[in-house]
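Undergrad: Take a look at this one; I'll ask things after.
Just so it is clear, none of the values below were taken in a lab; they were calculated from the coordinates. All values reported here derive from a predicted model rather than from experimental measurement. Reconstructed Cβ throughout: ideal geometry from the backbone, glycine too, with neighbour counts over all protein chains shown.
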Amino acid sequence: MTLAINLAGVLLIGLIIWWFWLSRPGAKVQAASNETTVIVEDGVYTPSVLHAKAGTPLTLHFQRKDPSPCAEQVIFHGLDSSTFLETGKTTTVTLDNPPAGEYRFTCQMQMYQGRLIVD
Ligand SMILES: [Cu+2]
């Protein structure tokens with residue numbers, strides 16, 4: 001019994017390592033645009049690097065396909081923005097004229113990771 005539990009633990013650790021380090025596809029960098037759809041699925045934002053022009057409002061449509069609670073919130077660090085996303089729906093996040101810079105956006109546990117580049 002103990003052996004089975006240990007084995008399950010090792011398997012779980014292996015799975016976590018695979019999930020976070022090995023299964024990530026290359027980051028897709030998106031061309032500068034002030035309106036973008038981001039898909040939230042399988043632990044990644046697609047695209048995960050957003051590129052926007054400074055001085056204009058930014059509209060982002062988050063399409064959440066991942067039902068796990070991990071994906072339920074998107075937080076833009078440094079921009080004072082956090083939004084709850086509904087599973088199976090598209091939620092629009094509007095950022096009002098973000099200043100030029102680079103911002104991280106993540107889920108509340110920071111497992112989903114993305115970058116917003118404004119220039
Ligand atoms: Cu999360």
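Undergrad: Report, to one decimal in Å, the Kirkwood hydrodynamic radius for the stretch 34-119 based on all distinct Cα pairs.
TA: By the Kirkwood definition, the hydrodynamic radius is 12.5 Å.
Undergrad: Can you run phi through the Karplus equation (6.51, -1.76, 1.60; θ = phi - 60°) for the stretch 99-107 and list ³J(HN,Hα) in whole Hz, with x for Gly and Pro?
TA: Residue by residue, the stretch 99-107 yields x, 4, x, 10, 10, 8, 10, 8, 7 Hz.
Undergrad: Please list, ordered by chain and number, the residues whose modelled amide H lies under 5 Å from the amide H of Thr87; skip anything fewer than 5 residues away on the same chain.
TA: Residues meeting the criterion, in which the H sits 1.01 Å from N, do not exist here.
Undergrad: Amide H of Ala52 versus every other amide H placed in the peptide plane: which residues, excluding those fewer than 5 positions away on the same chain, fall under 5 Å?
TA: Placed amide hydrogens put Ser33, Ile117, Val118, Asp119 under 5 Å from Ala52.
Undergrad: To the nearest 20 debye, what charge dipole does the stretch 27-118 have about its Cα centre, counting +1 at the Cβ of each Lys and Arg and -1 at the Cβ of each Asp and Glu?
TA: Working: 7 positive and 9 negative charges, 38 e Å.
For the stretch 27-118, the charge dipole is close to 180 debye.
Undergrad: Using 0.36 nm per residue, how much length does the chain from Gln73 to Thr94 gain when fully extended, once their Cα-Cα distance is taken away?
TA: 6.1 nm
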